[in-house]
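Chemist: Below is a structure I'd like to ask you about.
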Amino acid sequence: MSKFIFFLSLFLLTSSNLYAENNALVISHKNNSIEWGPCPAFIPKGCEIAVLKGNPSKNNLDIFFKVPGDFHIPYHNHTSQERMVLVSGTLDVTYDNHKKATIKTGNYAFGPAKLPHSAYCHKGDDCVLYIGFVAPLDAMPIKKQ
């Protein structure tokens, strides 16, 4: 009987972990429990990333990307497309061969995979950007020609 209880407990524990990925989630960028970490080294100090859902080395990742006001995000690209919603601030994004786009709080933006771009967070509020990546997280700096 004790073996049965042990295996039943083990099954229940592993089963709950299998479905943990499917738990509903609502979180604010102001939540104190968010664990912010550094951005890639080529982005100046002040930039932070928080993983909301998923694993940065795997497909289908959701993050918050945060920079202070009056902040330049260097020219770079990603392997993945980016599905974005600006949560706070005002952000100018310039993609190669496109006009500068100004993203305001609440706006949705889409960035195609491998399309080089840079950005600027206007003075004032921090820019917090929700980004959904399809492919694993990467950001590669690019030197302008």
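All of the numbers you see were taken from the coordinates with simple rules; none came from a lab. Just so it is clear, the structure is predicted and the values come from calculations on it, not from any experiment. Quick reminder, even Gly has a Cβ in these numbers, built from the backbone with ideal geometry, and neighbours come from all protein chains shown.
Chemist: Distance check, please: which entries in LYS58/LYS123; LYS53/LYS123; LYS53/LYS143; LYS100/LYS143; LYS100/LYS144; LYS45/LYS123 exceed 26 angstrom between their Cα atoms?
Modeler: LYS58/LYS123; LYS53/LYS123; LYS53/LYS143
Chemist: How much length is gained on full extension from LYS104 to ILE34, taking 0.36 nm per residue of separation minus their Cα-Cα distance? Don't skip to the answer; put the middle values down first.
Modeler: Values: separation 70, 0.36 × 70 = 25.20 nm, distance 2.29 nm.
Between LYS104 and ILE34, full extension yields 22.9 nm more.
Chemist: Skipping prolines and chain starts, which residues have an amide H placed within reach, meaning under 5 Å, of the one on PHE71, given they are 5 or more residues away or on another chain?
Modeler: When sequence neighbours closer than 5 places are left aside, the close amide H contacts are CYS121.
Chemist: What would the Debye formula give as log10 I(q)/I(0) at q = 0.16, 0.17, 0.23 Å⁻¹ for the alpha-carbon point model of the stretch 27-141, no solvent?
Modeler: Log-scaled intensity ratios, in q order: -0.68, -0.78, -1.61.
Chemist: Could you check the simple spin-label distance between ALA41 and ASP62, using points 7 Å along Cα→Cβ, in nm with one decimal?
Modeler: Inter-label distance under the simple model: 3.2 nm.
Chemist: For a quick check of your reading of the filter: which GluC sites (Glu not before Pro) in the stretch 19-119 sit in a DSSP loop and have no more than 14 other Cβ atoms within 10 Å?
Modeler: Those that pass, being in a loop and sparsely packed, are GLU35.
Chemist: Spin-label point model (7 Å from Cα, Cβ direction): what's the MET140 to ASP126 distance in nm?
Modeler: Result: 3.0 nm between the two label points.
Chemist: Hey, another quick one. Working out 0.36 nm times the residue gap between ASN23 and LEU52, then minus their Cα-Cα distance, what length gain in nm do you get to one decimal?
Modeler: Working it through step by step, the gained length comes to 9.2 nm.
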